[in-house]
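Encoded as structure tokens, the structure appears first; notes follow it.
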Amino acid sequence: MRCLALETSAFIGSVAVLESGKTVTELTLPAHERTAQSLVPGITRSLNLVGWKASHLDLICVTQGPGSFTGLRLGVTTAKVLAYVAEADLIGVNTLRIIAAQAPKGHLPVTSVIDAQRKQFFTATFTQNHSEPMRCTSDVALVDHWQWTRQLDSDMLLTGPGLRNLSQEIPDHVHVCDSKCWDPRAATVGMLACQDHESGKREDLWQFVPNYFRMSAAEEKVVKKGDSG
């Protein structure tokens, strides 16, 4: 099975090509360019590197959220167009799951953390070991950073780009994954999507949308205005 994976939830995106669940090539998009400018050229370059055309693809997968509103919209829209044109299957993968899958395997639960802005974070916890597939043990939560950091204990492994804004507030007894593993990668999107595909998962092309897990600032203002009126 030939798969194209897109990761656009973070500031720096990436594109990966996988065959039979294994990464053939992965390309990090230029940091000095907006993802809207670099994504399609990155896809074209990645496919050219392996000698594939869009019509050769069996699966298109993409980060579905949470993450950057603009980045998620771009990635999902691009993935849907490619899936339609290539007549390929489509799968979305949760960003926090992607990040957790990149952590070293061990006995501790893994909690992924993404900056949600406004002094808040998205978090979710996953169990992991060497013999069983990783599974989520908590729903995606939107938490206030000051309250969340007070509840941390040593029975978990923290990972994710949200930790960059928490480095001074994480207690010394809490385990933290190496920062090289924090940012979601397209290769991991593809690996997880291929696993999901084998299990029978497919997205409805026409119903598939980003999952932001919160309203935008503009939407929240409209709701507050309506409540006050």
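Residue-level check: of (1) closer than 25 Å to ARG214 by Cα; (2) open to solvent by 30 Å² or more (accessible area, probe 1.4 Å), LEU96 misses just (2).
Give me a count of the residues in region 170-184 that are more than 14 Å from ASP155 (Cβ to Cβ) and more than 19 Å from the chain's Cα centre (by Cα). Can you show your working first?
Of all residues in region 170-184, those more than 14 Å from ASP155 (Cβ to Cβ) come to 170, 172, 177-184.
Those left that are additionally more than 19 Å from the chain's Cα centre (by Cα): 170, 172.
So the count comes out to 2.
Each residue in region 29-77 was checked for being polar (S, T, N, Q) and in contact with an Asp or Glu (Cβ under 7 Å, 6 or more places away or on another chain), and 1 of them qualify. Counting the residues of region 148-164 that are over 15 Å from ILE99 (Cα atoms) and open to solvent by less than 90 Å² (accessible area, probe 1.4 Å) gives 5. Condition test on VAL24, is it touching a residue at least 40 places away in the same chain (Cβ under 8 Å), touching a strand residue (DSSP E or B) at 6+ places or on another chain (Cβ under 6 Å) and either crowded, with 16+ Cβ neighbours inside 10 Å or in a strand (DSSP E or B) (or both)? Taking the combined requirement at face value, the residue does not satisfy it.
Please find, within region 107-138, the residue that is surrounded by the most Cβ atoms within 10 Å (Cβ to Cβ) out of those that are hydroxyl-bearing (Ser, Thr, Tyr) and in a strand (DSSP E or B).
Just the residues of region 107-138 that are hydroxyl-bearing (Ser, Thr, Tyr), to begin with: 111-112, 123, 125, 127, 131, 137-138.
Going one step further and asking which of them are in a strand (DSSP E or B), we end up with 111-112, 123, 125, 127.
Details: THR111: 26, SER112: 32, THR123: 21, THR125: 18, THR127: 15.
Per the criteria, the residue is SER112.
Among the residues of region 32-68, those identified as surrounded by 16 or more Cβ atoms within 10 Å (Cβ to Cβ) and assigned to a helix (DSSP H, G or I) are THR35, SER38, LEU39, GLY42, ILE43, SER46, LEU47, ALA54. Among the candidates LEU158, LEU142, LEU163, the residue that is under 27 Å from PRO30 (Cα atoms) and outside any loop (DSSP other than H, G, I, E, B) is uniquely LEU163.
No other residue among GLU33, GLU7 is farther than 17 Å from VAL81 by Cα and of a type in the set (Asp, Glu) apart from GLU33. Among the residues examined, THR188 does not qualify as surrounded by 15 or more Cβ atoms within 10 Å (Cβ to Cβ), of a type outside the set (A, V, I, L, M) and over 17 Å from LEU6 (Cα atoms).
Using the structure shown, decide if VAL76 is crowded, with 16+ Cβ neighbours inside 10 Å and touching a helix residue (DSSP H, G or I) at 6+ places or on another chain (Cβ under 7 Å). In short, no.
When the test is whether a residue is of a type in the set (A, V, I, L, M, F, W, C), in a helix (DSSP H, G or I) and in contact (Cβ under 8 Å) with a residue 12 or more places away in the chain, LEU18 does not pass it.
Of the residues making up region 193-229, just one is in a helix (DSSP H, G or I), open to solvent by 100 Å² or more (accessible area, probe 1.4 Å) and modelled with pLDDT of 65 or more, namely GLU198.
Within region 174-185, restricting attention to residues that are touching a helix residue (DSSP H, G or I) at 6+ places or on another chain (Cβ under 9 Å) and not in a loop (DSSP other than H, G, I, E, B), the residue that is least open to solvent (accessible area, probe 1.4 Å) is CYS181.
The values are calculated or read from the model by the stated rules, or taken from the named source; none is laboratory data. Treat the numbers as computed from the prediction; the structure is a model and nothing was measured. Using ideal geometry, Cβ is built from the backbone for each residue, glycine included, and neighbour counts are taken over all protein chains shown. Surface areas here come from the heavy atoms of the whole protein model, side chains and all, with no ligands, DNA or RNA. Shrake-Rupley method; radii C 1.70, N 1.55, O 1.52, S 1.80 Å.
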